[in-house]
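For reference, the structure is listed below as structure tokens.
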Amino acid sequence: MNRSRNNRPAYNSRRPVRRSQRSRPQRTRRLAFRLRWIILVLLVIPVFSYVSVLDTQVRDLFEGKRWALPARVYARPLELYVGMKLPPSLLTEELAAIGYKQNRQVDEPGQYYMSRDTLTVKTREFQFWDTSDPSAQLQIRFNEDTVAEIVNLDQKRYTTLARIEPKMIGKIYPTHHEDRVLVQLEEVPPLLVKALVAVEDRQFFDHNGISMRGIARAFVENLKAGGFVQGGSTLTQQLVKNFYLSPERTLTRKMNEAMMSLLLEWHYSKEQILEAYLNEVFLGQDGNRAIHGIGMASWFYFDKPVGQLKLHEMALLVGLVRAASQYNPRRHPERATERRNLVLDLMAQQEMISLADAELEKVEPLDVVEKPADISVSPYPAFLQLVRQQVQQDYREEDLRSEGLQIFTTLDPLIQGLAEKSMAKGIQRLERENRRTRNLQGAMIVTGSENGEVLAMVNGKNSQYAGFNRPMDAVRQIGSLVKVAVYLSALEDSRTYSLVSTLKDIAYEWRNKTGSDVWQPKNYDGREHGKVPLHYALANSFNLATVHLGMELGLDKVKETLKRMGVERDFKMYPSVLLGSLSLTPLEVTQMYQTVASGGFRVPLRAIRNVLTHDGKPLQRYALSVEQRFDSSPVFLLNHALQFAVREGTGRHVSKGLPEDLAIAGKTGTSNDLRDSWFAGFDSELLTVTWLGRDDNKSIGLSGSSGAMRIWREFIDNLEPRGLPPVTPNRIQWRWVDYKTGRWSSKGARGAVLMPFIGNQVAADSYSGDQHLFKFE
Amino acid sequence: MQLWQRHTLGLVLGVLLCLPLSTVMAEDSKAAVMTLLSEAKTFFDEGESEQAAAILERALRIDPRNPVLWHNLAGIRLQQEDWVRAASLAAKSNSLAVENKWLRVRNWVLIALACDGMGDMDCTMEARNRARALAN
């Protein structure tokens, strides 16, 4: 009470004083307090939103990070089997083309050694569409040009077949031209990772994204050097810089970089960051292609996967991280060696390797492959365009450019090489021999007769030419190649026509309705041959006999046959079409002849076998598919007459000396004024369509047999095909006839040849071409 | 699918990929094709029919006119109920199986089943008649 009483006056008495003394500071303090809050709020809100924006950005990009990977396009894998005809030199050529090295030891995948008649090779593991083939050490013994024996040395047993990984023939790049092969951290040799950390960011496993010690050290170093010699960036910062930010050097960017590095470290493990770094880092430039990531760099510089790198090769790659262009081992091998050795020294210093090992590795050559087998420009631009055209029917352009699809095509580099050589040499020779022949160009397409796979596609005399794609886009008159449709239309009517039916090879005149337009075709030799058997007219490509036959059959019927053969282009049917006033591309002609080469089955031409995802998961298969368009018997008859065309008819001069057992059917074609020279030839295995002409459509002065067929002959001589005999349908019966007159003859008589006929007595035993049976469309 | 159809399909597929190689096959590549055929059979038995088809296509690249390979490919398409393709592939096999009557019978049975799958009764009847005529 007292206290209170005492206190109160005291309180009261002091109150005014207090009020006068304390009121101002209190107010100020309160104000300051409020101000502090306001400032804090004002500061925290933007900082918070700034950090939160960066945080979202960091997480979204890192988690959703999908590097744009180029699509990789492969040739067919080489399938080796016992009994296969394959000169050893072609096998070593194929191995060299996929980056295999000749080495006596053959202890690493990607090495081979040829001694006398035996080739030892250690294949690389490869994921195909159907199976994953492990690496295998194989011993292949040859008997001259034939594979006689294959031994799997790992399993110590004989094997009947083996598959060699395919050659990469092109890539479809992202728009920014970055090239990379993704790797997972466990695929990368630990020593490489350790070396990278030692060189680029020693405190990587200790810091939280930013290293104050690193910055301080860089500052001191730069001060000493009087300029910028060392950056204080951690690996995380470098990754952030490449991943998220533009390359300019501003304070804002630096701040963002630091903050994002902290956030990245906050959210993700060191291993995740390291893996991303290894895939992101820039390690070289090849024309306009940028080499990113350790996986791609390993192929680019050493032509092997990252798991197979030797110590000094790892050191070189680590050395390149700092400045890939400056230490480019192809351009500046000395600088690169110096840099590599510095990395090796550092590795020894950090006790990752022994000093002795470092010294040993330092004397190794750089071992960088002269030219990357992993090409930036495809050696087969024309074929690649066909692949793109076919693949674009199923995939979006952006997916092709960024999903890292692995596209396995049908291209056979060995056949392609022979075809290119035949075209280049052939054109050169023809131009030398014929004065009128200048600026000659050409196209050649080779397909599998039965499966329609495009094995080779040649565009002109210079196969590297990436401009006008003649096989796909040169729409040219096909001349007498069209005649097969006329004769096939006739032979389908087996009650009326056979190979010995008599045709009239006499003058023909066609007038339009008003009579103003007159068409009077002539034979190539300008003569009329009177009555001739059908096979003889076709083999010798008589125009007059063909026109008479075509008009007898009806233009609509011939047009329908052309459509059934696979001509999809729309065209108007005039009598002149019977002699080839129909314009098609070499590819369209190939599709048309494919149907007769495969015995009457339409087989769509395919350039792609299958597609895998970037990590080897099967995505899509372009399966073999056929559709019967003609009964096999009339097609057999037609093909038999086409064999006469090669041996006895228009092709007789060019086919001289061809092996007797080679049952090759073919047809020459020449357009008006000798502007186009064609030859379509096939056997049981391959179909080849060859075209020669000029880009400006001027005359080349060559017929089908004096031009295109000679190029084809050169190709066949180089290829030496197997010569499988054609399969004779059940309804076929053979009789001896006189070749020129078509009259019955007997064995041994002069001019007598065996001629196939369609017999009726066995009709029930064979598919008759009955249309209602296969109307499946 | 009716019971008899299931039964016939089962019969066809049961012997699929076990067919012996025909005599028209090129001698030199016989062993390699046999290996692939047996690989294809393993995949087929494991239900990996597309894998089996891919391997049969590999074999056809080595021996393009082998009617047994074409027939087996047709059988795989039949199992996948890809009727049109199955019938066409069987017709292809037929065009090559000139010396193998038994295989041609099988092909016509296969075509009959494919036609039935398509609901084309005329085609089914005709194919069945062909099979019967050949078998007798």
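Here, each number is a calculation from the coordinates, and none is a lab measurement. This one's a predicted model, so the numbers in the text were calculated from it and none came from an experiment. For neighbour counting, all protein chains shown are included, and Cβ atoms are generated from backbone atoms with ideal geometry for every residue, glycine included.
Structure summary
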| item | result |
| --- | --- |
| As computed over the range A:321-364, the Cα convex hull volume per residue (Å³) | 62 |
| Trypsin sites (Lys or Arg not before Pro) within the range A:174-217: DSSP coil, no more than 13 neighbouring Cβ in 10 Å | none |
| The range A:116-157: proportion of alpha-carbon pairs further apart than 15 angstrom, % | 49 |
| At R0 = 60 Å, FRET efficiency that the Cβ-Cβ distance of A:PHE243 and A:GLU528 yields, to 0.05 | 0.15 |
| Cleavage-rule hits (trypsin sites (Lys or Arg not before Pro)) in the range A:496-584: DSSP loop, at most 12 neighbouring Cβ within 10 angstrom | A:LYS513, A:ARG527, A:ARG569, A:LYS572 |
| Footprinting exposure proxy for A:SER52, A:SER480 (fewest neighbouring C-beta atoms within 10 Å first) | A:SER52, A:SER480 |
| Charge dipole (debye, nearest 20) of the range A:422-765; +1 at Cβ of Lys and Arg, -1 at Cβ of Asp and Glu | 600 |
| Charge sum, other residues only, whose C-beta stays under 12 Å from A:PHE682's C-beta, Lys/Arg counted +1 and Asp/Glu -1 | -2 |
| Environment charge of A:ASN718, counting only residues whose C-beta is closer than 12 Å and scoring Lys/Arg +1, Asp/Glu -1 | -1 |
| Gained length - A:ARG253 relative to A:THR496, 0.36 nm times residue gap less alpha-carbon distance | 78.9 nm |
| Radius, Kirkwood style, for the range A:375-497 when every pair of distinct Cα atoms is counted (Å) | 17.2 |
| Net lengthening on full extension, A:TRP734/A:ASN439 (0.36 nm per residue, minus Cα-Cα) | 101.5 nm |
| Alpha-carbon spread of the range A:77-172, three principal axes, descending order, Å | 40, 27, 25 |
| In order through the range A:713-728: 3J(HN,Hα) via Karplus (6.51 cos²θ - 1.76 cosθ + 1.60), integer Hz, x for Gly, Pro | 4, 4, 5, 5, 4, 6, 7, 6, x, 5, x, 6, x, x, 7, 8 |
| Gyration tensor verdict on the range A:422-765 (Cα atoms; rounded if a/c is under 1.5, prolate if a/b is larger than b/c, oblate otherwise) | rounded |
| Loop sites in the range A:585-636: trypsin sites (Lys or Arg not before Pro), DSSP, at most 12 other Cβ within 10 Å | none |
| Leading residue at positive end of dipole, the range A:422-765 (Cβ point charges), from A:ASN439, A:ASN639, A:ALA597 | A:ASN439 |
| Among A:PHE204, B:ALA97, B:ALA54 - extreme Cα towards positive end, dipole of the protein assembly as shown, charges at beta-carbon | A:PHE204 |
| Largest to smallest principal axis extent of the C-alpha atoms in the range A:568-633, angstrom | 56, 28, 15 |
| Shape of the range A:231-301, Cα gyration tensor, a/c cut at 1.5 | oblate |
| Linear extension gain, A:GLU108 paired with A:ASN672, 0.36 nm per residue minus alpha-carbon span | 197.1 nm |
| Flagged links, alpha-carbon separation over 31 Å, of A:LYS85/A:LYS167; A:LYS101/A:LYS156; A:LYS224/A:LYS310 | A:LYS224/A:LYS310 |
| Rg/Rg_ref, the range A:178-362, where Rg_ref = 2.2 N^0.38 Å and atoms are Cα | 1.01 |
| Crossing angle, helix A:88-97 versus chain A [Cα axis fit, 0-90 degrees, rounded to tens] | 30 |
| Hydrodynamic radius by Kirkwood, which averages 1/r over all alpha carbon pairs of chain A, in angstrom | 31.7 |
| Estimated inter-spin distance, A:GLN326 and A:SER269, nm [label 7 Å along Cα→Cβ] | 3.5 |
| MRE, 222 nm, helices only [DSSP H, n ≥ 4, -39500 (n - 2.57), over chain A, to nearest 500] | -12500 deg cm²/dmol |
